[in-house]
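The values are calculated or read from the model by the stated rules, or taken from the named source; none is laboratory data. Just so it is clear, the model here is predicted, and its values are computed rather than measured. Neighbour counts run over all protein chains shown; Cβ positions are idealised from the backbone, glycine included. Keep in mind that these areas ignore ligands, DNA and RNA; they rest on the heavy atoms of the full protein, side chains included. Shrake-Rupley method; radii C 1.70, N 1.55, O 1.52, S 1.80 Å.
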Amino acid sequence: MQRTAQSIWNGTLAKGNGTMNFSNYSGPYTFASRFENGKGTNPEELVGAAHSGCYSMFLAALISGEKLEPESVETTATVTLDKDDTGPVVTTIELDCTVKGEGLSQDKFKELAQAAKEKCPISRLVAAADIKLNARLV
């Protein structure tokens, strides 16, 4: 399986602007949307979207492997962009997940939630960041 995304950047870092395109999405990004609070998206937000989606699907698969059907798996990813002596770096990704479903013990849920954090493809891709998990079964 391969997927393709494209970005175009025009101009300098501080004054330029760009567009990110993939599937049915096309949206602007700028210095302000990445390093301040400007309109548009940024690479870190897209990493967060990818990570939250991947984690939710992987956890649903693990729960399904227990012959259970989750009603929903809702995950929010908060990506922290900081700076080190090399430049900007993603330091932390916080996954906040709520699962609705029946038949799963809290102990088994915690085991599966942790396994999904460690094994989902996007977690493996961004393993250099400190990935934190807060998962709840309701």
Within the stretch 51-62, is there a residue that is touching a residue at least 40 places away in the same chain (Cβ under 8 Å) and not in a helix (DSSP H, G or I)? no
Unique match (being of a type in the set (D, E, K, R) and under 30 Å from Gln6 (Cβ atoms)) among Glu94, Glu71, Glu102: Glu94
So the check is Cβ under 8 Å with 6+ separation or different chains; which pairs have a first residue in the stretch 26-43 that's touching a residue at least 12 places away in the same chain (Cβ under 8 Å) and within 17 Å of Val90 (Cα to Cα) and a second one that's of a type in the set (Gly, Ala, Ser) and open to solvent by less than 40 Å² (accessible area, probe 1.4 Å)? Phe31/Gly16; Phe31/Gly38; Thr41/Gly27; Thr41/Ser33; Asn42/Ser33
Return yes when Glu44 is open to solvent by 30 Å² or more (accessible area, probe 1.4 Å) and charged (D, E, K, R) and no when it is not. no
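Residues in the stretch 82-93: is at least one acidic (Asp, Glu), over 18 Å from Glu45 (Cβ atoms) and either in contact with a His (Cβ under 8 Å, 6 or more places away or on another chain) or surrounded by 11 or more Cβ atoms within 10 Å (Cβ to Cβ) (or both)?
No; the residues of the stretch 82-93 include none that is acidic (Asp, Glu), over 18 Å from Glu45 (Cβ atoms) and either in contact with a His (Cβ under 8 Å, 6 or more places away or on another chain) or surrounded by 11 or more Cβ atoms within 10 Å (Cβ to Cβ) (or both).
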Within the stretch 110-120, does at least one residue satisfy the condition of being more than 19 Å from the chain's Cα centre (by Cα) and at pLDDT 95 or above? yes
Please go through the stretch 94-121 and pick out each residue that is assigned to a loop (DSSP other than H, G, I, E, B) and open to solvent by 20 Å² or more (accessible area, probe 1.4 Å). Gly101, Glu102, Gly103, Leu104, Ser105
So, in the stretch 1-34, of the ones that are among the hydrophobic types (A, V, I, L, M, F, W, C) and open to solvent by less than 80 Å² (accessible area, probe 1.4 Å), which residue ends up farthest from Ser123 (Cα to Cα)? Ala14
